[in-house]
Amino acid sequence: MTTTLPRTRVVDERSMGAGTTVRFALLVVLLLVSCGYVMGGITRAFSHPAGFGHLGCLLASGGDPFHGSALDNLLSASSQDAAYRACTARYEPTPPWWVGLAWPVLLVAVACLLFWGLPAWKARRGRVVPLAAIDHDGGIRRLLEEFAAVAGLARVPRVVVDPTAASTGAVVFGSNRRPTVCLHGGLLARRHTDPEGFRAVLLHEMAHIRHGDVTVTYITVAVWHAFVAVVLVPAVVYFVRAAVRISPMLRPAELPGLTRGLALMAFMVVLVYLARADVLRHREIYADRAAVRWGADPRGWAVVTPLPPQGAMRRALAAFAELWRTHPRWDLRRDSLADSAALFGVRALPLFLTGVAATLINYQAQGVTSRWAGPWAEQLRVLVSAGLITAVVGIALWRSVAHAVLTARRVPHGVRAGLWLGAGMAVGELVVDDVTLFRWLPARPGVLALVVLAGVVIVWWATQCAHLWVRVWQGRTIRPAMLLGLAAMWLVLSAWFTWWQYSGTFYVMGRPLDLTSLYESSALAAVPDAYRSTPVSVMVNLRLAAGEPFALPAVATLWIVPLLAWVIRPAAATPAWVHGALRGGDAGTPGRPEDALPSLRGVLLAAVLGGAAGWAALAGVMAFLHTRQPAPGRLTQHYAVGYYAWVLVALGVAAATAALVASARARRFRLLAALMAAGAATATAFAGTFVLASSDGCVQPLNTLVRTCGWRPEMSWPVFHYLLGPALLLGVLVAVGAAAAVAAAAAVVRRARGSSVRRAVPARPAGSRRPGPAARRLWVGVLCAAALGVTVTAMTNASGSKEGSQRGTTSLARPPAGPVSEETRRVQVVIWFAYGGEELVSRFTTASRDFTGLLVKGKGSIEESRVRPYCADFLRIARDAGDYFRVPDPRAQSHWKTFITRLDGVGRTCEQATARSDGDLLVSSVRQLVGAAASGSAATARMSELTRGLPLPRRSG
Amino acid sequence: MVSGAASSGGHLISGGPRVRDVVRDVVAQVAPEELPLVEALARFDDASVVRRLARRGGRREPLGFGLGEIAAMVAPVVWLVVDEAARQLAGAVASRAATGTRTVMRRVLRRPAAPVTVPELTREQLAEIHRRVVESAVQRGLGDKRATAIADAVVTRLALTAPGAPGAPGAPAQGTQEPPGSGSTAGSGTPAQG
């Protein structure tokens, strides 16, 4: 039987990883990545020889950073990809690859110097004295040896005294290998009158050394100080200088980016200080508890503190000030000596900061990894950043869940924690240029809600997964189960990061859900009507998402990992890890009885029901489509594509039905039940609907594509194969929605009934679930095999669509048509002229003048060898003009296009004339040259007219 | 104001007792448990000691025990008051700005500064020091009685160098002669009151 444990139970904080070292690592990685990104950008800005900064090529290409969305600008640049590349290579060159790495390397070098130099500075002769200088009788030394032995230290650390510090404390610095404890004067003065306080302080410091806090803390301090010197100060100076010297013409487009640059620096200061202080507060409680375990008297923590502030405002201010302190409040420290609960909570601030760090690392590191060939670098980046975030958030979640279960408290659902994580990730997007580029806000800021939602769902899932595994786990330690859960969360988070970066951000930038409008506006392709319906649009988007790396493995993970928990044989006695975590206390089966696992049979039944519903839905769809079936031989694309989309809808119905039934039955672990049932139902429905579709024509009212009965798997397989990935993804989305809806409805009902009449759930320990262990394992095995089977099958062709979608983006026929203001047009033309137009015109002017001069001087007789270079020159100018950007003004472009065509004609005619020694043809080429010059003049005249008042270099064509 | 004292490099090099000796003697009398600290402080030059003792409040350092209690200690009170009095009485304050460069140079060259010494004091000056010690000690959390005891000890020790005092400069403050303004002389009053 499950027993309710007393709430006074104290969990040993060492029974699972603290997760604080990885939080320090996250900070260091964030600082290094930010260093490379910010200083790399500044270095690049300084290397721009022209005066239009990083906007020049974009404007010359017809982009509109002033009003256009980020997506419009990306399309504008990519629509003239070759010209854009040539322009950036000339005017906005990317520094060599090593420059991007040089800054972080410099940062590390400075940090190393500080790390090694700080202890020497803190322990310098003019600041402290060695203990031996005042400890003549060796009494203090003997005490320290005793404390070091109690703490299990291999040797007594170096001890110095700061006689001018009046506080009754001490501090440790240096490194784990060579720590130095500095005793404050006040502590020494009190040694005889308060020996217990002296012992408490020293044991606390020994605990810091024993826990290995010294190196990580001072590495973080050193890296931060190095960041301030190498990045923060130079970057702020640069941003302020750039903002002051900004060209009025470009101000509207430059100002948001510069402001964000400054905001990013301010954000980094806040983030690093808050995150570091939060981790340090955690480590202090660890050290306090260790000191007490080693014999320190808790009265050593009886520090007189001021009364808590009165009034909401003062309390809020005090709470805010508390966030910046490296030590917790004394009352919290005293409470934590008896109860470790403070070390197991999931708090909002660290989650928010971790969310921000996730976005900052992911986006800023992209600048480095995207320059390395191959997608592996990109995937490695995603894996590393997702791994860090998982380690920080996942460990906190698992600790919180395990503590709640061990102390029979209510396990947090994780939604609030997810909201903070998601909010952090979304806010992070607003301080980098990822989705905003040249604007204050992205084109569709509302889409950032998706990021918050993702945070909620991932944390909700991870929390339930942790809860499930903590309930069933029977090993000696909880770590293996935790590692499994963290690995699963890592994969899911990696999938999210990948999708967000390669697809999600484009939706925020303005990409429509209906991709047809994007394709058509960019003249990529004419899209048939068949692709305009909502189901087809959903299908196409899901297909793109399923093609992302990690997407389908993550989908499978979402339901395989919880499913595996049913493999574990129910516990007959208290699990070993519970004994360990409670240090042999009053152990029992952990958890509250009402949090019992849902029955696997219920999930399976829901899956079968869902599969049947999907099968029935497809039958219904086929019956409906049968009424519109085209005549034999006249099957339209519209009809066929619509049919594919409706098959996907039928599979979605299967998942939705199963998820609703399973989550409604489950009461606890609703999300996991919904995911497992939806996954199994999708696989079942997939098999059922495939059979139905393959035998199309055999049931006359359901005839859809064919009219004659036959078994045609080869006909339906390509369709089903194509749909498998989207269907699995849809199943997950639908399951999450269903579980959320059911959970919300259940909460409303519960509130309406009142907590007093909450229905008691019969306590059913894991051992009493109906199917025996063997049957359960068999079912789990079958379901896992099915999950793996469909995932592998779907992945065998999912990559094809990804390649296709990437190919499509580089061949846009024309930039997206959008209204451009007169002012922007003028700036575009000015820069177009400055970045290459003027040079082309000048080359043409010089060549024509010399060519006509040659003809005049020749007086009817010219050697071909003297003419031929001009012919080649005209052809070269025409080719270069064709390779350069289109003129951003349509009227000027029209003249310019004629100019290029005519000039090309001049070159060819000229070449023919020299080849044939044909004077008439040469004269003809001169006539063509006059025509080309007229077009060129018309183009430049139009540009001059447009740019009147702006500093356009004027040269006649 | 005070005869027999001269200023050199901002530090007084007259034949009076050194501030650090006064502090040591007073601490040995009223707070012997702080003697190791005084010994440690004596390894620094006076300017460093005064500058750092004058800092109020604790520092929040990572991996410290936390901003706990500030110990109410005798040595900082005595050192700061006596040092300040010695400097003021010798008129060294006026030349402090000029000595900044010398101080820096001395630090660069790692030359120890000469210790500050206390010039001979009049009864009024001793009374003023007594008042300051009491005030400072109370401010730093020492009780009234303790503050008065410390002030008495300081004045007693300084009085040994007063004109006509039998003790030689630097002699321990164990003399039997009652200093001006001491509790026994002034009854219930303090020098400031007397």
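The values are calculated or read from the model by the stated rules, or taken from the named source; none is laboratory data. Predicted model, so just to flag it, every value in this text is computed and none were measured. Methodologically, a virtual Cβ is constructed for each residue, glycine included, from the backbone with ideal geometry; neighbour enumeration extends over all protein chains shown.
List of remarks:
- Search result, residues across the range A:565-582 that are closer than 19 Å to A:F669 by Cα and either out of contact with any helix residue (DSSP H, G or I) (no Cβ under 6 Å at 6 or more places or on another chain) or outside any loop (DSSP other than H, G, I, E, B) (or both): A:A565, A:W566, A:V567
- Qualifying residue in the range A:203-216 (condition: in contact with a His (Cβ under 9 Å, 6 or more places away or on another chain) and either β-branched (V, I, T) or more than 7 Å from every other protein chain (Cβ to nearest Cβ) (or both)): yes
- Qualifying residue in the range A:233-253 (condition: surrounded by 20 or more Cβ atoms within 10 Å (Cβ to Cβ), closer than 30 Å to A:L437 by Cα, of a type in the set (F, W, Y) and without any contact (Cβ under 8 Å) to a residue 60 or more places away in the chain): yes
- Residues of the range A:675-718 satisfying the condition of being surrounded by fewer than 18 Cβ atoms within 10 Å (Cβ to Cβ) and within 21 Å of A:T791 (Cβ to Cβ): A:A687, A:V691, A:P713, A:W717, A:P718
- Some residue of the range A:214-233 being in contact with a strand residue (DSSP E or B) (Cβ under 7 Å, 6 or more places away or on another chain), part of a helix (DSSP H, G or I) and within 30 Å of A:L106 (Cβ to Cβ): yes
- Criterion violated by A:W97 - all others in (1) loosely packed, with under 12 Cβ neighbours inside 10 Å; (2) in contact with a helix residue (DSSP H, G or I) (Cβ under 9 Å, 6 or more places away or on another chain); (3) within 14 Å of chain B (Cβ to nearest Cβ); (4) of a type outside the set (S, T, Y) satisfied: (3)
- Top-ranked residue in the range A:154-193 [being of a type in the set (S, T, N, Q) and closer than 24 Å to B:E69 by Cα; ranked as farthest from the other protein chains (Cβ to nearest Cβ)]: A:T180
- Hits in the range B:119-139 (condition: within 15 Å of the chain's Cα centre (by Cα) and not in a helix (DSSP H, G or I)): B:P119, B:E120, B:L121
- Selection from the range A:275-301 of residues that are within 14 Å of chain B (Cβ to nearest Cβ) and over 12 Å from A:L337 (Cβ atoms): A:A275, A:R276, A:A277, A:D278, A:V279, A:L280, A:R281, A:H282, A:R283
- In the set (1) more than 10 Å from chain B (Cβ to nearest Cβ); (2) within 25 Å of B:V38 (Cβ to Cβ), A:I140 fails one condition alone, (1).
- Complete set of residues in the range A:148-185 that are under 20 Å from B:V78 (Cβ atoms) and small (G, A, S): A:A165, A:A166, A:S167, A:G185
- Residues within the range A:394-422 that are among the charged types (D, E, K, R), assigned to a helix (DSSP H, G or I) and closer than 19 Å to A:R471 by Cβ, tallied: 1
- Test: residue in the range A:425-436 that is at pLDDT below 95, more than 15 Å from the chain's Cα centre (by Cα) and surrounded by 21 or more Cβ atoms within 10 Å (Cβ to Cβ): yes
- Residues of the range A:863-876 that turn out to be at pLDDT 90 or above and either within 46 Å of the chain's Cα centre (by Cα) or among the basic types (K, R) (or both), as a count: 1
- Residue match in the range A:277-289 (condition: within 23 Å of A:T43 (Cβ to Cβ) and in a helix (DSSP H, G or I)): no
- Residues of the range A:324-347 satisfying the condition of being within 14 Å of chain B (Cβ to nearest Cβ) and either basic (K, R) or within 27 Å of A:S15 (Cα to Cα) (or both): A:R325, A:T326, A:H327, A:P328, A:R329, A:W330, A:D331, A:L332, A:R333, A:R334, A:S336, A:L337
- For the range A:879-914, filtered to residues that are touching a Ser or Thr at 6+ places or on another chain (Cβ under 7 Å) and hydroxyl-bearing (S, T, Y), the residue that is surrounded by the most Cβ atoms within 10 Å (Cβ to Cβ) is A:T909.
- A:L307 over 24 Å from A:V22 (Cα atoms), more than 13 Å from chain B (Cβ to nearest Cβ), out of contact with any Lys or Arg (no Cβ under 9 Å at 6 or more places or on another chain) and not in a helix (DSSP H, G or I): yes
- Only residues that are within 14 Å of another protein chain (Cβ to nearest Cβ) and small (G, A, S) were counted across the range A:310-323, and they come to 1.
- Tally of residues being modelled with pLDDT of 95 or more and not in a helix (DSSP H, G or I) across the range A:738-754: 0
- Pairs meeting the criteria (first residue in the range A:883-897 and free of Cβ contacts under 8 Å to residues at least 12 places away in the same chain and farther than 20 Å from A:Y84 by Cα, second residue small (G, A, S) and surrounded by fewer than 16 Cβ atoms within 10 Å (Cβ to Cβ), beta carbons under 9 Å, at least 6 apart or on different chains) are lacking.
- Helices (runs of 4 or more DSSP H) (entirely within the range A:69-174) containing at least 3 residues that are at pLDDT 85 or above: A:81-91, A:97-122, A:139-150
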